[in-house]
């Protein structure tokens, strides 16, 4: 908790809001503090070209593949102090405990901090882990620009990373035995169910698109109701539909689909004009690619039905299309056994949010451990997790690391 | 038409859209052009504290009360070039014609341009005419804020207008004989009925209010559908209800009620967060005060029902509450006689839109003349009226002004 709070003070502002955007001075400082802590703990520190930090603790067999555990230190704008650091400091504490207690491990252990997990600056998420997994493609960088106009591509170039050597940071899967990530839930489920630990089955991925409804702007006083082409009333019908259809696909079996219209912009957007144009930002997620894609299709289809009925135009702009990532079943079984042994109250659950684990899962077995978020709040200064739960999560992470390091998976 | 086009070019942008928001540089420039045109026409120009412009042409009896005619030059965002200017330039052309043709008038004539008829900037309509009629109350200013956060009250203060001297601009009714306003219809009725002139019986008035729905901002990926407090889905239900209830009160007998949500703002307003707060700008109008007020009440009531059902908060901020304004019956009879004499195809009709005439009607007999709007379009770059109809309207205005100036009303 002392180290977690030390990291949490870097970039702290009004009302406890923490802002450490990727490649900002604050974020770089948090990485330097971590390097210091790793060295203090006797770990061998390696930093790759993008800035991912690996702190290695040797086991009895230096040639065995390593067990990695970590997360990220960058934050959203005005975020909290636990989203990310809990997994990095939790892994560090696990390795320190193993080291101090001289617990035998065969495989080497590595504490890892990935660069730029949050998309808040460049609209590009899990940057460091994507590069470590060799999953960044030149085209992905095209639209990654921060609000000041700085291109991610130029930042990478200043570090010596070009479109040609994007795969050079890829970690050889043969050097890896597993990746484990402790993280706050960022949702309300564990608290609501009174569980202290969440064991993650898979990571939901979003379909994101914009729907533009094109009606006709008219005078709000002189245009009879039956002569209007109101783009906002059409949007309202679609927004209600999205809630309805997502509720139909909300169950675990149906793929835990959630759908959100997070932003809406109407034009002209004044009190005395019928809205002639409305633009909706839609985010559909689910743990089943099939269900998520079906709901996204239904929503787009319904937009066309509503538009046709009202005699207005419609346009769909796809932003991002990702598939859910299943995590490793054997790691899940192992953590589950550990929870059962220790009589920890746990929940088997998918992750609605994206994490570095979904990139690492592409090159090694990956598992995630969640600890409860108070009132489900995250990306917010009010983000909070009981220190006792953080400790429990770190302990479970430690025991999992030891088992994985010593056993055949 | 030349002068009308000169005004129309001020603030013109893409696709012919005209934007001259009240107190913007563009709007001030249009006022300066008008002052220039008035002086060219030999009128004596007086500008009151808020910026209303009066261009006076003396009749044979300088002590007789004046016949005023005019409208406004400010526009909505991305509006057209005729809403407002047709009445100001039409009145100027009428007085120029009277002057050039040395037509005798007993009463003085005044061409008037009122400041800020549109509510697009501060959500406050007929600002200049309300002040000229002494109809602005200190409380009306409380919620008048533009999207940049500038308070109307502060703008007024910078002109020397405080809560204490709001009545100081009131025009003494004894100095007025009548107010006449030529305006485009801004609706589809004249075109649909094949009429060239509309004679206005009364002006429908709006109830305007903001509804703020307060849910909870949550992560769009981790928050299950049934644990959300989505302020936008709640808004969507209310927007649909407004359309439904207004359709029930749409007939002439039921008071020609129309209702519009013209603006909506959600927070945080990002694609990956459930909207925690939504603010709707609602405008309800009707020619029957009773129907309009009933619908406004039903909408506010429904907002509370929806909020309660969804376990979220609701707040209603009243912006403006006006009653429909009947115009002067004798002026209506006079314009009707003139139309009959000249065999002009006219329609007796209410105005769905608000106009400066509804404020002036509180201190002097007021009348309005409409000319057709193509496809009923207004508050839009496609706003268009046939120049022949504008000319006919201006001529009818001129003849009415002469009659009123020379006759006992």
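General observations
- Pairwise FRET efficiency - residue B:175 versus residue A:247, Cβ, R0 = 56 Å, nearest 0.05: 0.30
- Debye intensity ratio I(q)/I(0), log10, the range A:193-297, q values 0.22 Å⁻¹ (C-alpha model): -1.06
- Ranking of A:199, B:382 by neighbouring Cβ atoms within 10 Å, starting from the fewest: B:382, A:199.
- Folded to 0 to 90 degrees: helix B:85-100 orientation relative to chain B principal axis, Cα: 0 degrees
- Rh by Kirkwood over Cα pairs, then Stokes-Einstein D for chain B at 0.692 mPa s and 37 °C, µm²/s: 148 µm²/s
- Computed FRET value (nearest 0.05) for residue A:316 with residue A:343, which takes r as the C-beta separation and R₀ as 45 Å: 0.35
- Average Cα contact separation per residue, chain B, under 8 Å, 6 or more apart, as relative contact order %: 23 percent
- Pairwise Cα distances in the range B:9-57 exceed 15 Å for 51 percent of all pairs.
- Length-normalised contact order of the range B:168-307 in % [C-alpha pairs under 8 Å, at least 6 apart]: 30 percent
- The alpha carbons of the range B:258-313 stretch over 44, 24, 10 Å along the principal axes, in descending order.
- Cβ-based exposure ranking for A:54, B:57, in which fewest neighbours within 10 Å come first: A:54, B:57
- Value of relative contact order over the range B:260-353, rounded to a whole percent, pairs C-alpha under 8 Å and six or more apart: 20 percent
- Extending 7 Å from the Cα toward the beta-carbon at both residue B:154 and residue B:137 defines two label points whose distance is 2.6 nm.
- Per-copy distances of the residue A:330 label point, shortest first, in nm (7 angstrom along Cα→Cβ): 10.0
- Overall form of the range B:329-409 per C-alpha gyration tensor (a/c, 1.5; a/b vs b/c): oblate
- Prolate/oblate/rounded call for the range B:10-139, Cα gyration tensor, a/c under 1.5 rounded: oblate
- Using distinct alpha-carbon pairs, which all enter the 1/r mean, Kirkwood radius of the range B:307-349 in Å: 14.9 Å
- The fewest-to-most ranking of A:142, A:97 by surrounding Cβ atoms within 10 Å reads A:142, A:97.
- Neighbouring partner chain Cβ atoms per residue of B:231-239, average, 10 Å criterion: 6
- Label-point distances for residue A:172 to the equivalent site in the other copies, using a point 7 angstrom along Cα→C-beta, read 9.9 nm when ranked shortest first.
- Cα-based equivalent ellipsoid of the range B:254-409: semi-axis lengths in Å, sorted from largest, via gyration tensor: 42, 19, 13
- Of the residues B:152, B:332, B:317, the one that moves most in a GNM of chain B with alpha-carbon contacts below 10 Å is B:317.
- Extension gain, residue A:100 to residue A:163, is 18.3 nm, computed as 0.36 nm per intervening residue step minus the present C-alpha separation.
- From largest to smallest, the equivalent ellipsoid semi-axes obtained for the protein assembly as shown from the alpha-carbon gyration tensor read 67, 25, 22 Å.
- Distances in nm from residue B:48 to the matching label points in the other copies, shortest first (labels 7 Å along Cα to Cβ): 7.3
- Based on the Kirkwood approach, the hydrodynamic radius assigned to the range B:130-263 is 20.1 Å, with every pair of different Cα atoms included.
- Degrees, to the nearest 10: B:289-310 long Cα axis against longest axis of chain B: 20 degrees
- Between 0 and 90°, nearest 10: helix B:329-341 axis offset from chain B longest Cα axis: 60 degrees
- Cα centroid of the range B:255-328 to Cα centroid of the range A:80-108, whole Å: 55 Å
- From the alpha carbon centroid of the range B:1-78 to that of the range A:1-32 is 57 Å.
- Label sites at residue B:227 and residue A:9, each approximated as a point 7 angstrom past Cα along Cα to Cβ, lie 3.3 nm apart.
Every number here is computed from the coordinates shown, using simple stated rules; none is lab data. Just so you know, these numbers come straight off a predicted model, no measurement behind them. When we count neighbours, we look across all protein chains shown, and the Cβ atoms used for this are built from the backbone with ideal geometry, even at glycine.
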